[in-house]
Amino acid sequence: NSDGELAVDAPYDNDGTLTLSGTAKLHLRQAITDDASELGTTVTLNQSTIYYEDDASQTVFTRINATTAFSYYNLVIDNSGAAVASAEAATTLDVDNDFTILTTDADFTSTSGNFKIGGSFINYGTFTHNSGTVTFDGTGTIFHHADTTLTFNVLTIDATGTITVVSS
């Protein structure tokens, strides 16, 4: 089923191929093994959504084989408690469509490198810029619905269409 969901409730360690078809959803509910393959030796995400959701801190990986960059289509941060989802340091985190910090408990620390978003940035939780650059390179909305101030270190709009900013 190309629109199905898979929840991984154990540490994720994939030394093979990860292919998500259609609008499939992958829920990573524990740590990802930091080895030579992180998410897999080959990663094809199509129009899928990856959820990082754990009550312990997680690394949001930006590379496969420790060197090859890849792009998420949709990326959702839905951790809880004192857990922080953090992007790999000094790399490019590339989200082709929407990036979402889903709940008020969710906490995300961006890469100290570049963070590219092709769709919308939807924030209900805490976003920490980590001295990196956030680039909007598509069309979308920056939606901030949290009790905290949303701060970007460097914000670049390199969009093909309109970027709308909404705060509530």
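The values are calculated or read from the model by the stated rules, or taken from the named source; none is laboratory data. Small disclaimer: the values here were computed from a predicted structure and weren't measured. Note: ideal-geometry Cβ built from the backbone for every residue, glycine included; neighbour counts use all protein chains shown. We work out accessible area using only protein heavy atoms, side chains counted, and drop any ligands, DNA or RNA first. Shrake-Rupley method; radii C 1.70, N 1.55, O 1.52, S 1.80 Å.
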Selection within the range 110-131 - closer than 21 Å to THR67 by Cα and of a type outside the set (Phe, Trp, Tyr): SER110, THR111, SER112, GLY113, ASN114, LYS116, ILE117
In the range 64-78, the residues that are closer than 22 Å to PHE143 by Cα and open to solvent by 20 Å² or more (accessible area, probe 1.4 Å): SER71, TYR73, ASN74, ASP78
Restricting the range 26-46 to residues that are within 25 Å of VAL84 (Cα to Cα) and surrounded by fewer than 17 Cβ atoms within 10 Å (Cβ to Cβ), the residue that is modelled with the highest pLDDT: GLN30
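What about THR162, is it in contact with a strand residue (DSSP E or B) (Cβ under 8 Å, 6 or more places away or on another chain) and polar (S, T, N, Q)? Working first, answer last.
Numbers: in contact with a strand residue (DSSP E or B) (Cβ under 8 Å, 6 or more places away or on another chain): no; polar (S, T, N, Q): yes.
Judged against the criteria, THR162 is not a match.
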Matching residues in the range 133-150 - criterion: being in contact (Cβ under 8 Å) with a residue 24 or more places away in the chain and not in a strand (DSSP E or B): GLY138, THR139, ALA146, ASP147, LEU150
Among residues of the range 98-120, those that are over 10 Å from the mean Cα position of the chain (by Cα) and either part of a loop (DSSP other than H, G, I, E, B) or among the aromatic types (Phe, Trp, Tyr) (or both), counted: 11
Restricting the range 85-97 to residues that are in a loop (DSSP other than H, G, I, E, B), of a type outside the set (Ser, Thr, Tyr) and surrounded by 17 or more Cβ atoms within 10 Å (Cβ to Cβ), the residue that is modelled with the lowest pLDDT: GLU88
Near pairs, Cβ below 6 angstrom, 6+ apart or cross-chain, from the range 24-44 (polar (S, T, N, Q)) to any residue that is outside any loop (DSSP other than H, G, I, E, B): THR42/THR17; THR44/THR19
Out of GLY4, GLY81, sole residue that is surrounded by fewer than 15 Cβ atoms within 10 Å (Cβ to Cβ) and on the phi > 0 side of the Ramachandran plot: GLY81
Breaking point among (1) over 23 Å from ASP54 (Cα atoms); (2) out of contact with any Ser or Thr (no Cβ under 9 Å at 6 or more places or on another chain); (3) touching a residue at least 24 places away in the same chain (Cβ under 8 Å), for LEU102: (1)
Some residue of the range 116-123 being aromatic (Phe, Trp, Tyr) and crowded, with 18+ Cβ neighbours inside 10 Å: yes
Residues of the range 7-24 that turn out to be in a strand (DSSP E or B), of a type outside the set (A, V, I, L, M, F, W, C) and either touching a helix residue (DSSP H, G or I) at 6+ places or on another chain (Cβ under 9 Å) or surrounded by fewer than 17 Cβ atoms within 10 Å (Cβ to Cβ) (or both), as a count: 2
Residue tally, condition assigned to a loop (DSSP other than H, G, I, E, B), of a type in the set (Ser, Thr, Tyr) and farther than 13 Å from ASP96 by Cα, over the range 64-80: 2
